[in-house]
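Trainee: Have a look at the structure that comes next, please.
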Amino acid sequence: MTSEINVNQDIVLLPSATRSGGGTVNSADQDNPYWIGCVLYLNITQSSGTGGLKLLLEYKDPASGNYVPIWSSLVYTATGPYALIVHPNGNLDHGSGESTPAALPRTWRIQISPQDASAYTYSVGCSLLK
């Protein structure tokens, strides 16, 4: 039987939903005991505005409980799927998105920051990588 720590893991950070009003949306804290990186999937299925969505990766300071923004994506305005790689090996090029040379800490979350007050339907998924 394969141990959970020996395989990659897929999780839903934000299920597909229509969100409007321009306010930021945070995922739940992610407990990360094993993985060093991840692929983040932003899937925009409906976009009524022109401002777009920006994805931020935030680390949680274990001493204060405050969140520290580590990385911010481009602003995505068009519908479609987007893949973003976060991994200490910054040379990972998958040809269809962004990557950043960063490691995942023990506790982290993502934040979606709409760039206008329009309605967007989107989901965010994640594949944790060893």
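The values are calculated or read from the model by the stated rules, or taken from the named source; none is laboratory data. As the structure is a computational prediction, the values presented were derived from the model and not from experiment. Reconstructed Cβ throughout: ideal geometry from the backbone, glycine too, with neighbour counts over all protein chains shown.
Trainee: Would you tally the residues in the range 48-67 being of a type in the set (A, V, I, L, M), under 25 Å from I36 (Cα atoms) and either in a strand (DSSP E or B) or at pLDDT below 95 (or both)?
Mentor: Number satisfying all stated conditions: 3.
Trainee: Right, something else. Do we find that G49 is at positive phi and of a type outside the set (S, T, N, Q) in this structure?
Mentor: Answer is no for this residue.
Trainee: Take the residues in the range 97-114 that are among the hydrophobic types (A, V, I, L, M, F, W, C) and either assigned to a strand (DSSP E or B) or under 11 Å from the mean Cα position of the chain (by Cα) (or both); name whichever of them is farthest from V25 (Cα to Cα).
Mentor: W108
Trainee: Checking T77 against (1) of a type in the set (S, T, N, Q); (2) at pLDDT 95 or above; (3) over 21 Å from D29 (Cα atoms), which single condition isn't satisfied?
Mentor: So the condition that T77 fails would be (2).
Trainee: Let me ask something additional. Here is a list of conditions, (1) modelled with pLDDT of 90 or more; (2) crowded, with 16+ Cβ neighbours inside 10 Å; (3) not β-branched (V, I, T), and G97 meets all of them except one; can you say which number that is?
Mentor: Here G97 meets the rest and fails (1).
Trainee: Among the numbered criteria (1) within 19 Å of C126 (Cα to Cα); (2) polar (S, T, N, Q); (3) modelled with pLDDT under 95; (4) surrounded by 15 or more Cβ atoms within 10 Å (Cβ to Cβ), which one does N6 miss?
Mentor: Unmet condition: (4).
Trainee: Looking at I70, I11, can you tell me which residue is part of a strand (DSSP E or B) and surrounded by 14 or more Cβ atoms within 10 Å (Cβ to Cβ)?
Mentor: Among I70, I11, only I70 is part of a strand (DSSP E or B) and surrounded by 14 or more Cβ atoms within 10 Å (Cβ to Cβ).
Trainee: Just to verify a result, which residue in the range 37-67, among those that are farther than 17 Å from S27 by Cα and polar (S, T, N, Q), is surrounded by the most Cβ atoms within 10 Å (Cβ to Cβ)?
Mentor: By that ranking, first place goes to S47.
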